[in-house]
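This report refers to the structure that appears directly beneath it.
The values are calculated or read from the model by the stated rules, or taken from the named source; none is laboratory data. It should be emphasised that the depicted structure is a prediction, and the values quoted were computed from it without experimental measurement. All Cβ positions, glycine included, derive from the backbone under ideal geometry; neighbour counts span all protein chains shown. SASA here: full protein model, heavy atoms, side chains in, ligands and nucleic acids out. Shrake-Rupley method; radii C 1.70, N 1.55, O 1.52, S 1.80 Å.
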Amino acid sequence: MIEKKQKDDFFDTKYGLNLSVLDLEEKPNQPDYSECIVNLSNSILKHYGIPTDNASLPVADSILSKNKKHVVVILLDGLGVNILQEHLHYKDFLRRNFICTYSSVFPPTTTASTTSFLSGKYPIEHGWLGWDLHFEQENKTVTCFKNVLQDSETPASTEYNVPFKYLPYESIIEKINKSGNAKAYQVVTFGDEPCTELDDWIKKIQNYCHKDERNFIYAYWNEPDHSLHHYGTKSKEVHDIIQELNIKMMDLCETCPDTTFILTADHGHLDISNQELCTDFSELSKMLVRQPSIEPRAISFYVKPEYLEEFPKKFVKEFGTDYVLFTKQEVLEKNMFGLGNPHSNLTGIGDFVAAAFTPKTLVWNEKSTKFRSHHAGLTKKELEIPLISFEYKKNREGLIVYYGIVAMFVIFFIMIMI
């Protein structure tokens, strides 16, 4: 395994980010690649005796050391630490079983983060950097999870899946099954056998946990992310969904003996204060070879050769108090997309990458999807995700103690009345 070390001078860039002169409620953050979702994935592989590409997460290793027959990793899309704390009381089930805060990857977005978990690799290693990725091999910008051309429903190819053709990876599900050390399954809201109803999703998890075999289950649910985008982080709609998920997780735990549950997220969320349109800044947009890609809060710019010197100066002038601009060389040198060797077909990193660190967000034009809340930038709210763990026995004992105390108070009250 090659030496993998995070850089300390992350924000020391050619085009500057003078934090001392910016009046910010919160300073920009960088992902912690020593304690992140990649490390959790490698803990799973390590638990099943499978060689790992990256370091494991010690706290997860400790949780898994109980060696339960079933291990379930539940990933609730968008349930960052800030969202968890906003909508659940500290006595609620998920917060009672909160273990620690750890990090997403950059960009903290579903495409990069869930692929990091499923592959056990950093984004730089697996190459799935964000929602829209420019494939230089075909001169196409593709929405990776849908295999369609950017901002359209037009197939990127009718013959093959473009992202998987150039950026294939072996998932931890495949690795575990291949090892013969356990069975592995996934319960997700997409793909060939999608579970789109919450109760059906939970029932499928239960069924796997009731099998008489040693197994691993990866369970992905697309909420609260979907509602966060549409309603914002403090909305009643989001609150109700998280309250429901909290109760459902407690009920699920009580039906699955000999099971270790680890619950986490892929990223957090941040309410968006203002969305600017790239096309409103004609001086900048005319300098671009093509429409920007990756994510609105983690933007890859391909710049026409004659504007390579002028573009960064104008961008910093317009957006330097909301985005930090990295050259492609800085992106690679600072391990922005993670540690390790770049994928052999790595693509989509343009001449510059801009990462947001305030609620302002830059989209392409008036047709671009606009959200009330978003992610993929360099704020704590977007990067910090929870590690939560619970199991049947622990929760059952907690209920026994709880009802025992209630019974004592009832008996005491009756004796006083007599």
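Projecting the Cα atoms of F311, L325, M249 onto the dipole axis of the chain, where Lys and Arg carry +1 and Asp and Glu carry -1 at the beta carbon, places M249 farthest toward the positive end. A simple packing score, the average count of other Cβ atoms within 10 Å per residue, orders the peptides 189-196, 219-226, 279-286 as 219-226, 279-286, 189-196, with the highest score first.
Go through (1) 0.93; (2) 1.04; (3) 1.11 and flag the label whose value is the computed Cα Rg over 2.2 N^0.38 Å for this structure. Checked against the structure: label (2).
A simple packing score, the average count of other Cβ atoms within 10 Å per residue, orders the peptides 204-214, 377-387, 323-333 as 377-387, 323-333, 204-214, with the highest score first.
To put it simply, the accessible area of the range 48-136 at a 1.4 Å probe is 49 percent carbon and sulfur.
What distance in nm lies between label points placed 7 Å from Cα along the C-beta direction at F164 and Q137? Spacing of the two 7 Å Cα→Cβ label points: 1.4 nm.
Principal-axis analysis of the Cα atoms of the chain puts helix 198-209 at an angle of about 70° to the longest axis. In this label model, R214 and K248 are separated by 3.1 nm, measuring between points 7 Å along each Cα→Cβ vector. Measuring from label point to label point, each 7 Å out along Cα→Cβ, what is the E174 to T369 span in nm? For E174 paired with T369, the spin-label model returns 2.6 nm.
Split the accessible area of the range 281-335 by element, probe 1.4 Å, and carbon with sulfur accounts for 50%. To test your reading of the geometry: what angle, between 0 and 90 degrees and rounded to tens, separates the Cα axis of helix 392-417 from the longest principal axis of the chain? The angle comes out at about 50 degrees.
At 222 nm, what helix-only mean residue ellipticity would the chain give, in deg cm²/dmol to the nearest 500, using -39500 (n - 2.57) for each DSSP H run of four or more?
Working: 16 runs with 143 residues, N = 418.
That calculation yields -9500 deg cm²/dmol at 222 nm.
Rounded, prolate or oblate: which fits the range 138-271, taking a ≥ b ≥ c as square roots of the Cα gyration tensor eigenvalues, rounded meaning a/c under 1.5, else prolate when a/b beats b/c? Cα axes put the range 138-271 in the oblate bin.
To the nearest ten degrees, helix 310-319 and the longest principal axis of the Cα atoms of the chain are 50 degrees apart.
Using only the Cα atoms of the range 185-235, build the gyration tensor, take square roots of its eigenvalues as a ≥ b ≥ c, and label the shape rounded, prolate or oblate: rounded if a/c is under 1.5, else prolate if a/b is larger than b/c, else oblate. Because a/c hits 1.5 or more and a/b exceeds b/c, the range 185-235 counts as prolate.
Put a plus charge on the Cβ of each Lys and Arg, a minus charge on the Cβ of each Asp and Glu, and nothing anywhere else: the dipole of the chain about its Cα centre is then about 900 debye.
At R0 = 25 Å, how high is the FRET efficiency between T196 and D258 if r is their beta carbon distance? Nearest 0.05 is fine.
Given R0 = 25 Å and the Cβ-Cβ separation, E is 0.30.
Available extension along the chain between V289 and Y90 is 66.7 nm, counting 0.36 nm per residue and deducting the alpha carbon span. Taking 0.36 nm per residue of separation and subtracting the Cα-Cα distance, full extension of the segment from K236 to S65 would add 57.7 nm.
Solvent-accessible surface of the chain, averaged per residue with a 1.4 angstrom probe and all protein chains in place: 45 square angstrom. Ordering 97-104, 33-40, 126-133 by mean Cβ neighbour count within 10 Å, with the highest value first, yields 126-133, 33-40, 97-104. Taking other residues whose beta carbon is less than 12 angstrom from the beta carbon of C209, and scoring Lys, Arg as +1 and Asp, Glu as -1, yields +2.
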